Amino acid sequence: MRASTAATSRTCARATSVPSNDLQRVFVTVPAGAAELAAGELESFGASEVKAVRAGAACAATLEQAYRACLWSRVASRVLLQIAEFPAPDPNALYAGARSVDWSKHLGTDGTLAVDCTSTRSAITHTQFAALKVKDAIVDEFREATGKRPSVDVAAPDVRVNLHLDRDVATLAIDLSGESLHRRGYRGPQGAAPLKENLAAAVLLRAGWPALVAAAAADGAPLGFVDPMCGSGTLCIEAALIAGDVAPGLERERFGFLRWRGHDDALWQRLLEEARQRRAAVRLDNVTIRGYDRDAAAVEAARANAASAGLGERIAIERRELGELPDAPVPRGLVAANPPYGERLGEQRELAPLYARLGETLRTRFVGWHAAVLTGNPPLGLELGIKAKRTHTLFNGPLECRLLRFEIDARHFATKRAPGALPTFDEDSARARPGSEMFANRLRKNLKSLGAWARREEVACYRVYDADMPEYAFSIDLYQAQAAASADDPKRWVYLQEYAPPETIDAAKARARREEAFAAIPEVLGVSRERVHLRVRRKQKRGAQYEKLAERGEFHTVEEGGLKLLVNFTDYLDTGLFLDHRPTRARIRELAKGKRFLNLFAYTCTATVFAAAGGAVATTSVDLSRTYLDWAKRNLELNGLRDSSRHKLLQEDVIEWLARPARERYDLIFLDPPTLSRSKRMAGELDVQRDHVQLIHGALARLAPGGVLIFSTNFRKFRLDSASLSALDVRDITAATIPKDFARDAKIHHCYELRLATPSDRGSAPPVKRATLKLR
């Protein structure tokens, strides 16, 4: 072993100053949250008066027990042997107290030293200054006694002195560990790891891995361990060390006591030999340990680390995607994982699918096993879909984390929240907060005003709230099967859209406001929470308009202008019915009689339904999505429009279709392109601001003499290129097409009527007035 070689070659020949059987005060530092584990270890080593405190565990221990802590503790960071304690209210008292120690018992003038310091609730707060005062006291003592002094080596001193100041009391200790004990000696130079070795061991101890190992040793049954996101392999290696009864310090080359004058080398060599014998006595034939990671570099590093720990043949590391893991290798075992946490709000949203995928893997491949997941973002743990049987608090550096422990059994699987369903939370508590009442009052006021308008105008689906209170950034749309629906009508739904808060907003405050709103909405609107459908609006990716979000296939029939339309609240980015276009659809209906109608970027063809209802002699609707055209067909059929020769649905790229020679002319065209979309033409994608002139000219090539083109866009910053369209008769009808329920948001869309500017065509269409857009 390297440790034994180092111990022999670097041991001083001085007599010990601390007899092996004498009790000394010892303090073991640990990662925050692991103090109880360290206390249990110290008791197992035979220490007495053990007490767990926030930063670690204190005890009375012999030198042998302190050495055992250095060699065998899996969670310790440092083992500190106390040598002095004295009042230190000021620098002079600190210096005098340090000078009173007989430092010749600990190092010689030919040795090197370093002093570390921590300070809490003390007058001396500058730790570097305090460490310097103690260093001065030590070297001054040697210089006065011998004329020589030891040197300072902050990186690898022969003796590292620890100074702790608490309430103006100084405690001096010899750091027996030297460098932190989490450095076992097997990790290569791969850079900073997300999980230190002693924290990984604490995860395994809390998760009950030692008990599983003991049970497997007793009954001989196979046992498994899997880390599905193993990174550099730390959890796998620590699990193997525990299963193999391997002392975690056995591979270390250096300890802080090896050149300390109080070191008992014979004792240390005996403990090393005992550790070797214990390791040799354990066979791991019935224990299977596997690690997986999607990153090739991580897999290579994990394999190298396992080999360095002497466990290369015991740990199988493979490159695998999380969703492609094989089934559990044996019937029982432990899955342990340390997935990414996501410290910023945007990162948290991106990580939710990862946690959901991890949960699915656990539920489908590891039933009957135990699991432990360490996360710095506990809400992400809900995405796992398994109810934790217990949680523990651990700190990964300064970051507070939760260790979630699970029994992977169908009894503990959480009922998965349906897509768009409101989350579960303490509704009574949220409803009792002042913010919830303020939000409810505003919603009641809006409902009273807009509800009266909607009944008068026979509007069945309308917006009742649109971020009226900026801190409650939601839009709330009420959908009904008919305009005169009563409050208890089951065919009433709420479509709730949350505008995702910026990353600068505190996540806890954002969550509290969501709960306050979610508690009020069903009660005020008289709709059960099961009929409230939630969607979070974020910046849309190019092409996202065609993404499917769920597979529920639940469509509901609503009414507009005496027509029936299908909506879907869960499966897509939008419901299939843009409520702000209600006046635009009425305008199309008004203009359509006897006309041939063309609908470009037709979506679910609600405009086509209105054109046909208005008396259009024929309609053609063009869209790239087969899904939406199937939806469109159902909308047409729902209104008795089943003649496919008269109402054509074309699955085409609109850009390519417009580029072809025009064979048919249309009297009325509706052009409502997405803001951004991929296309083979126009520099690889459609950008409505950049490309609207080309789109409009392409559509005008299909327009019959005297025809009307209605162009609309929901790009809020849109600016029409009037100069490039100067040859046309262009009317901005935006104000007339913004309905009352969207009056707060005048930029919800822009809308224009365009005609070819010829004398014979001028005045061929009626002027646009709000009165002409009123629904029946």
**OP:** Select from segment 478-507 the residues that are among the polar types (S, T, N, Q) and under 22 Å from the mean Cα position of the chain (by Cα) and list them in ascending order.
**Re:** Gln497, Thr504
**OP:** Working only within segment 73-95, note down all residues that are out of contact with any strand residue (DSSP E or B) (no Cβ under 8 Å at 6 or more places or on another chain) and either small (Gly, Ala, Ser) or surrounded by fewer than 22 Cβ atoms within 10 Å (Cβ to Cβ) (or both).
**Re:** Pro89, Asp90, Pro91, Asn92, Tyr95
Original post:
Would you say Ala550 is part of a loop (DSSP other than H, G, I, E, B) and either at pLDDT 80 or above or within 31 Å of the chain's Cα centre (by Cα) (or both)?
Top reply: yes
**OP:** State which residue pairs qualify: first residue farther than 21 Å from Asp264 by Cα and inside segment 105-130, second residue among the aliphatic types (A, V, I, L, M) and open to solvent by 30 Å² or more (accessible area, probe 1.4 Å) in any location, beta carbons under 7 Å apart, and separation of 6 or more residues or different chains.
**Re:** Ala114/Val152; Ala114/Val154
Original post:
Across segment 243-272, which residue is least open to solvent (accessible area, probe 1.4 Å) among those that are among the charged types (D, E, K, R) and in contact (Cβ under 8 Å) with a residue 60 or more places away in the chain?
Top reply: Arg252
Subject >> Residues that are in contact with a Pro (Cβ under 7 Å, 6 or more places away or on another chain) and open to solvent by less than 10 Å² (accessible area, probe 1.4 Å), drawn from segment 217-240 >> reply: Gly224
Original post:
Could you say which residue among Leu394, Leu404 is over 24 Å from Thr364 (Cα atoms), open to solvent by less than 20 Å² (accessible area, probe 1.4 Å) and modelled with pLDDT of 90 or more?
Top reply: Leu394
**OP:** Kindly indicate which of Asp643, Asp630, Asp653 is among the acidic types (Asp, Glu), farther than 22 Å from Lys593 by Cα and open to solvent by 50 Å² or more (accessible area, probe 1.4 Å).
**Re:** Asp630
Original post:
Taking segment 32-68 as the region of interest, how many residues are touching a residue at least 60 places away in the same chain (Cβ under 8 Å) and either open to solvent by less than 20 Å² (accessible area, probe 1.4 Å) or closer than 17 Å to Pro210 by Cα (or both)?
Top reply: 5
**OP:** Kindly indicate which of Ser77, Ser48, Ser44 is modelled with pLDDT of 95 or more and within 37 Å of the chain's Cα centre (by Cα).
**Re:** Ser77
**OP:** Residue by residue through segment 603-614, note down the ones that are open to solvent by 10 Å² or more (accessible area, probe 1.4 Å) and in a loop (DSSP other than H, G, I, E, B).
**Re:** Tyr603, Gly614
**OP:** Could you give me the residue pairs with C-beta distances under 6 Å whose first residue belongs to segment 282-299 and is at negative phi and modelled with pLDDT under 90, whose second residue is open to solvent by less than 50 Å² (accessible area, probe 1.4 Å) and not in a loop (DSSP other than H, G, I, E, B) wherever it lies, and which are 6+ apart or on separate chains?
**Re:** Leu284/Ala243
**OP:** Examine segment 409-418 for a residue that is closer than 30 Å to Leu212 by Cβ, in a helix (DSSP H, G or I) and of a type outside the set (D, E, K, R), and state whether such a residue exists.
**Re:** yes
Original post:
Looking at Ser436, Ser475, which one is within 29 Å of the chain's Cα centre (by Cα), part of a helix (DSSP H, G or I) and under 18 Å from Glu498 (Cα atoms)?
Top reply: Ser436
Subject >> Unique residue being closer than 21 Å to Arg365 by Cα and polar (S, T, N, Q) when the list is Asn338, Asn305 >> reply: Asn338
Original post:
When residues of segment 615-664 are filtered for being in a loop (DSSP other than H, G, I, E, B) and either closer than 24 Å to Leu686 by Cα or without any contact (Cβ under 8 Å) to a residue 40 or more places away in the chain (or both), how many remain?
Top reply: 17
Original post:
So which of Asp745, Asp721 is over 36 Å from the mean Cα position of the chain (by Cα), surrounded by fewer than 19 Cβ atoms within 10 Å (Cβ to Cβ) and either outside any helix (DSSP H, G or I) or at pLDDT below 95 (or both)?
Top reply: Asp721
Original post:
Can Ala214 be described as farther than 30 Å from Glu324 by Cβ, of a type in the set (Gly, Ala, Ser) and modelled with pLDDT of 95 or more?
Top reply: yes
**OP:** Please work out if Ala304 is open to solvent by 10 Å² or more (accessible area, probe 1.4 Å) and more than 25 Å from Leu404 (Cα to Cα).
**Re:** yes
Original post:
When you go through Ala170, Ala155 one by one, which is the residue that is open to solvent by less than 50 Å² (accessible area, probe 1.4 Å) and either part of a helix (DSSP H, G or I) or among the hydrophobic types (A, V, I, L, M, F, W, C) (or both)?
Top reply: Ala170
Original post:
Out of the residues in segment 708-718 that are outside any strand (DSSP E or B) and not charged (D, E, K, R), which is most open to solvent (accessible area, probe 1.4 Å)?
Top reply: Asn714
Original post:
Inside segment 692-707, can you point out the residues that are among the β-branched types (Val, Ile, Thr) and open to solvent by less than 10 Å² (accessible area, probe 1.4 Å)?
Top reply: Ile696
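The values are calculated or read from the model by the stated rules, or taken from the named source; none is laboratory data. Just so it is clear, the structure is predicted and the values come from calculations on it, not from any experiment. Note that each Cβ is placed from the backbone with ideal geometry, even for glycine, and that neighbours are counted across all protein chains shown. What goes into the accessible areas is simple: the full protein's heavy atoms, side chains included, and nothing from ligands, DNA or RNA. Shrake-Rupley method; radii C 1.70, N 1.55, O 1.52, S 1.80 Å.
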